[in-house]
């Protein structure tokens, strides 16, 4: 299996027959409940860590499993076995009309029963076991295919499995940041588990620029109020990502060309305010998402049932003029700007900065030392010098230099999580020097939570919970405290789950669900929470968390596609009237990635068998059948 994917398996059992050779398999036996009782119970009791899949090597198919004991329990009697249904993507070709429901979707291979399965099971790499269970028919070799599993008991079909490959993401505690001179957050971005983050982020700002109808050029005069409002005297714009949207009326190609002209005009106007070149990324789309959201509950709601092309035809001419009060809000550029601080010693070498810092400390010039310290941090972030320079900064252990020592320690931790225990012990020493410092009190609590999560130190839960709530008396705001308490309950839930205390685990998870709306969440926080809820089989919490964001053009791409992972294989979600908006949002954000969801598993898709859903198939054929 591909490293960045996990198999999600759905049980399907249909009452439709398919006219083909079913060998000796009993598809709809009168005694199915009795014959399948042991098989169904074995699946019900399957440990969460048990994984199985079908793997292809050349023409051969293998059943692969990571738990030999569970395998032997499942295939215990002579009539217990496996058969493979080889399903072709051409079954879902867009020109074929609706897809007929059938119990067997493709070519059924001859079943393999318990005696042969147990005899053929061999150890494989990474503590896996596998057994050959069939050969792909020659006529299917050069066609896109997938392999569904029929689990048999007493030669009776008991379980029919379709395997879905869903992209997985790592999740962590919600980002609490660390206090340096001010509260500083890590650069966590919503990205798949194989990706890597950069180090401490620059300031990120997001805002909209509305477009006037038929206007494509922007001048410095147009942009200056925006630039001034950002108060950029201490910052340069490092990067700009522009998502440029047109309203949906008119010819699509012309709309996209106009949006690109508008976006580049905005970037050009901003570039004139500074010398460093701004790195830019531009994407364009018609604003179908906000159009569909905004016509709900209006006299134009009937348009929701039409295809995109039919909507365009319907609003051409007079109707588009009548709808201008709605459409005018859909023409905009969404800008995401990364700002890079203009620091005082930009042209000074790291070696000189170190000498100047140590000199300022020696002369008791604490304010100058802090300015130089921040410049050294910038040099480390930009890669001009390694973090080894931090150990060469001579800072006395005294009241006057507690903040500088705090900054150095917190920065080391944010650069390298492996420093957490050393930094925690250093913070405890600083706390003795300045026992009422809100920054140090906050940092100590953050580090203590992290150490507790990884069982690095002994923790009294009640005392830690009180320690977090007591931060209020040192000036820490309720939003930061609630964020910490949510993290406290995330860790508590993990520990309770490990101890099989499911009742109190559920209480901790519910506490998190009831309190995450008490503070602002980053895109990474949303993903972490969604992953957490899904892990504890609270998919409905994940959907509640993400659903409104999924219908917004402002959602992060990976977060939107994670929401699709949660829902696209579930008909109860797909049939919802608002789901079309979510699908069109994904198409607008990244059409190739959306269309890839419907590819075969071995080609990086979720599975083309989600096209069994006629609604999804209609969306796919409208947008991906180029």
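The values are calculated or read from the model by the stated rules, or taken from the named source; none is laboratory data. Model, not experiment: these values are computed from the prediction. Neighbour counts are summed over all protein chains in view; Cβ atoms, including those assigned to glycine, are modelled from backbone coordinates with ideal geometry.
Figures for the structure shown
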| read-out | value |
| --- | --- |
| Members of segment 337-362 that are over 39 Å from the mean Cα position of the chain (by Cα) and either in the same structural domain as residue 218 (by TED's automatic domain parsing) or in a helix (DSSP H, G or I) (or both) | 351, 352, 353, 354, 355, 356, 357, 358, 359, 360, 361, 362 |
| Residue satisfying all of: in segment 35-91; in contact with a helix residue (DSSP H, G or I) (Cβ under 6 Å, 6 or more places away or on another chain) and under 16 Å from residue 601 (Cα atoms); surrounded by the fewest Cβ atoms within 10 Å (Cβ to Cβ) among these | 89 |
| Residue match in segment 333-343 (condition: at pLDDT 95 or above and either within 27 Å of residue 223 (Cβ to Cβ) or crowded, with 18+ Cβ neighbours inside 10 Å (or both)) | no |
| Options 402, 395, 334, 385: the member that is assigned by TED's automatic domain parsing to the domain that holds residue 213 and in contact (Cβ under 8 Å) with a residue 12 or more places away in the chain | 334 |
| Residues located in segment 585-601, provided they are over 15 Å from the mean Cα position of the chain (by Cα) and outside any loop (DSSP other than H, G, I, E, B) | 585, 587, 588, 591, 592, 595, 596, 601 |
| The one condition in (1) over 19 Å from residue 286 (Cβ atoms); (2) surrounded by 20 or more Cβ atoms within 10 Å (Cβ to Cβ) that residue 519 fails to fulfil | (2) |
| Set 325, 265: member being closer than 18 Å to residue 210 by Cβ and loosely packed, with under 15 Cβ neighbours inside 10 Å | 325 |
| Of all residues in segment 199-215 being more than 23 Å from residue 293 (Cα to Cα) and outside any loop (DSSP other than H, G, I, E, B), the one that is modelled with the lowest pLDDT | 203 |
| Segments classed as helices (runs of 4 or more DSSP H), wholly inside segment 507-584, with at least 3 members that are more than 13 Å from the chain's Cα centre (by Cα), within 30 Å of residue 205 (Cβ to Cβ) and free of Cβ contacts under 8 Å to residues at least 60 places away in the same chain | 539-550 |
| Hits in segment 23-71 - residues which are farther than 23 Å from residue 155 by Cβ and in a loop (DSSP other than H, G, I, E, B) | 47, 48, 49, 50, 51, 58, 59, 66, 67 |
| Number of the condition not met by residue 604 [criteria: (1) at pLDDT below 95; (2) surrounded by 22 or more Cβ atoms within 10 Å (Cβ to Cβ)] | (2) |
| Residues located in segment 118-170, provided they are within 17 Å of residue 76 (Cα to Cα) and in a helix (DSSP H, G or I) | 118, 119, 120 |
| Subset of segment 97-113 [within 35 Å of the chain's Cα centre (by Cα) and at negative phi] | 98, 99, 100, 101, 102, 103, 104, 105, 106 |
| Members of segment 434-449 found to be touching a residue at least 24 places away in the same chain (Cβ under 8 Å), under 17 Å from residue 180 (Cβ atoms) and assigned to a helix (DSSP H, G or I), listed by number | 438, 439, 440, 441, 442, 443, 445, 446, 447 |
| Residue match in segment 478-490 (condition: in a loop (DSSP other than H, G, I, E, B), crowded, with 17+ Cβ neighbours inside 10 Å and over 22 Å from the mean Cα position of the chain (by Cα)) | no |
| Any chance residue 402 is assigned to a helix (DSSP H, G or I) and more than 38 Å from the chain's Cα centre (by Cα) | yes |
